[in-house]
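Report on the structure given below.
The values are calculated or read from the model by the stated rules, or taken from the named source; none is laboratory data. Bear in mind the structure is a predicted one, so any value in this text is a computation, not a measurement. Cβ atoms come from the backbone with ideal geometry, glycine included; neighbour counts cover every protein chain shown. With ligands, DNA and RNA removed, areas are computed over all heavy atoms of the protein, side chains included. Shrake-Rupley method; radii C 1.70, N 1.55, O 1.52, S 1.80 Å.
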Amino acid sequence: MAPLQSVVPVRDQAEHRAITAIHSVRDLGAAFWVTRQALGLTQADLALAAGVGLRFVVELEAGKPTVRLELVLRVIDALGGTLQMDNDSNCEESRCEESNCEGSSGQ
């Protein structure tokens, strides 16, 4: 299974975008935290901008596995990001076992 990728804005001199591979809810939470910090936003700022509760942002960044997708998409939008799926069939051996990729020896 190919990982989801979060395209998150990164503030720097070139104003480029960074692509972060997401393999777990913990990775997703970390990506939100890094992006929010890079934009100089507090959790309360992000919650207000996304139209979600502060507790939701806290739990999302902590990697809570049972968050509402609709609200996650609001947060991504508020951060100026997008969500993409990568259909690359080549996955790293260490990730194959976790994500049940084809050819995984962990099945």
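Which ones in the stretch 18-47 are polar (S, T, N, Q) and not in a helix (DSSP H, G or I)? Quick ask: steps written out before the conclusion?
Taking the stretch 18-47 first, the residues polar (S, T, N, Q) are 20, 24, 35, 37, 42-43.
20, 24, 42 - these are the residues of the stretch 18-47 that are polar (S, T, N, Q) and not in a helix (DSSP H, G or I).
Comparison of 5, 13 shows that the only residue that is at pLDDT below 95, of a type outside the set (A, V, I, L, M) and more than 17 Å from the chain's Cα centre (by Cα) is 13. Of all residue pairs spaced 6 or more apart or on separate chains, those with beta-carbon atoms under 8 Å, a first member in the stretch 64-82 that is open to solvent by less than 80 Å² (accessible area, probe 1.4 Å) and a second member that is part of a loop (DSSP other than H, G, I, E, B) and among the β-branched types (Val, Ile, Thr) are 71/52; 75/52.
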